[in-house]
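Notes follow once the structure below has been shown.
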Amino acid sequence: MSIEIPAPLRIIELAMDDGAIIRIRQHGNPAGPRLALSHGNGLAIDGYLPFWGRLREHYELILFDFRNHGQNPLHSFTHHNWPQFIHDLERIFECVQQHLGSKRTAGVFHSLSAVTSVMQTQRMGKRWDPLVLFDPPFYPPDGHPIRELQQGNEDDIAARAERRTPRYNDPIELARQFQRRFPRWQPEAYELMARATLRYDASNRRWVLACPREYEAHIFRSNRETSTWQRMRHMPVAVKLICADPVGGGPPALIGHALAAEASVEYEPITETSHFLQIEQPQACIRAMETFLGKHGFIN
């Protein structure tokens, strides 16, 4: 493997009310501005190293995977749902402030975590401040011109998730699948994401999906909350949507473009990128993020 995940400065194992464990990792420069980062459905934040690795010198980084993803132990399917994700994110925010010091913390979230952070903010109030959201797949309200497109997209990717190979002899097998399907990723991202999204099962000496395929599919199919879109105009924190190229992009890119206009939210597309823009053009994503953070006084 050409690149390794750097060792964290600190690890906090946070137990949820139902016993699920979420492993919070502190990286980077503790004296710098604090960014919290998380991932999309079925993925894991370690796989985004081509993006966040470039931030370590100047920022304190708080990394975490959602329950049943990445470094976290597998837990029950029963609470693998959007309401529980909101509750988990609230617990994570409280834990970070308590154990790593009370400090303004920007949320830098992709896809699943981006949508969840907005739901949390709309229900709980200002937490992550400001919010940088990468290609969030918000569900359009009834009658919206891209509603049917997004519903079909979520159903299609749920069906693909259900057909994913559940186990591998070696993570390089999954890395090769990623490379065939996603040619725009940074070269090191394929193996990084493969290793981040698999866990070794010693009982059969195989690598299995950290987020089982039925868990992943369920989240895609249940992404049907329309009130999140409708309340975006009234967010208590500054928000920027940094999205895939809407020219030839998937529905989330079109959603970002439409929502920005309708809700007067800051928006920037990254040309020639897909839904995985942070590991395709990380430097362009960082520039878009830092322009926003500077505008809102988070960085100088």
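The values are calculated or read from the model by the stated rules, or taken from the named source; none is laboratory data. Everything numeric in this text was worked out from a predicted model, so none of it was measured. Positions of Cβ are generated from backbone atoms using ideal geometry, with glycine treated the same way; all protein chains shown enter the neighbour counts.
Computed quantities for the displayed model
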| read-out | value |
| --- | --- |
| Odd one out for Trp229, checked against (1) under 26 Å from Arg123 (Cα atoms); (2) of a type outside the set (A, V, I, L, M); (3) surrounded by fewer than 17 Cβ atoms within 10 Å (Cβ to Cβ); (4) touching a residue at least 40 places away in the same chain (Cβ under 8 Å) | (3) |
| Residue in region 267-287 that is farthest from Gln151 (Cα to Cα), counting only those that are part of a loop (DSSP other than H, G, I, E, B) and of a type outside the set (Asp, Glu) | Gln281 |
| Candidates Glu4, Glu60 - the one that is surrounded by fewer than 16 Cβ atoms within 10 Å (Cβ to Cβ), charged (D, E, K, R) and within 27 Å of Leu277 (Cα to Cα) | Glu4 |
| Qualifying position, being out of contact with any Phe, Trp or Tyr (no Cβ under 6 Å at 6 or more places or on another chain), closer than 22 Å to Cys243 by Cβ, aliphatic (A, V, I, L, M) and touching a residue at least 12 places away in the same chain (Cβ under 8 Å), among Ile172, Ile146 | Ile146 |
| Which listed residue, of Glu173, Glu94, is exposed (fewer than 14 other Cβ atoms within 10 Å of the Cβ) and either on the phi > 0 side of the Ramachandran plot or out of contact with any Cys (no Cβ under 9 Å at 6 or more places or on another chain) (or both) | Glu94 |
| Residue match in region 7-22 (condition: surrounded by fewer than 18 Cβ atoms within 10 Å (Cβ to Cβ) and under 29 Å from Ala244 (Cβ atoms)) | no |
| Set Glu191, Glu272, Glu280: member being in contact (Cβ under 8 Å) with a residue 40 or more places away in the chain, under 27 Å from Pro50 (Cα atoms) and crowded, with 22+ Cβ neighbours inside 10 Å | Glu280 |
| Helices (runs of 4 or more DSSP H) within region 185-266 that include 3 or more residues under 23 Å from Asp65 (Cβ atoms) and within 16 Å of the chain's Cα centre (by Cα) | 189-196, 213-221 |
| Odd one out for Glu290, checked against (1) farther than 30 Å from His58 by Cβ; (2) out of contact with any strand residue (DSSP E or B) (no Cβ under 9 Å at 6 or more places or on another chain); (3) assigned to a helix (DSSP H, G or I) | (1) |
| Test set (1) under 22 Å from Gln283 (Cα atoms); (2) buried (at least 17 other Cβ atoms within 10 Å of the Cβ); (3) without any contact (Cβ under 8 Å) to a residue 60 or more places away in the chain - Leu198 fails condition number | (1) |
| Filter result for His110 (in contact with a His (Cβ under 6 Å, 6 or more places away or on another chain) and closer than 26 Å to Phe51 by Cα) | yes |
| Answer residue from region 122-171, given it is basic (Lys, Arg) and part of a loop (DSSP other than H, G, I, E, B) and is nearest to His110 (Cα to Cα) among those | Arg127 |
| Enumeration of residues in region 54-112 that are hydrophobic (A, V, I, L, M, F, W, C), part of a loop (DSSP other than H, G, I, E, B) and either modelled with pLDDT under 95 or closer than 19 Å to Pro136 by Cβ (or both) | Phe66 |
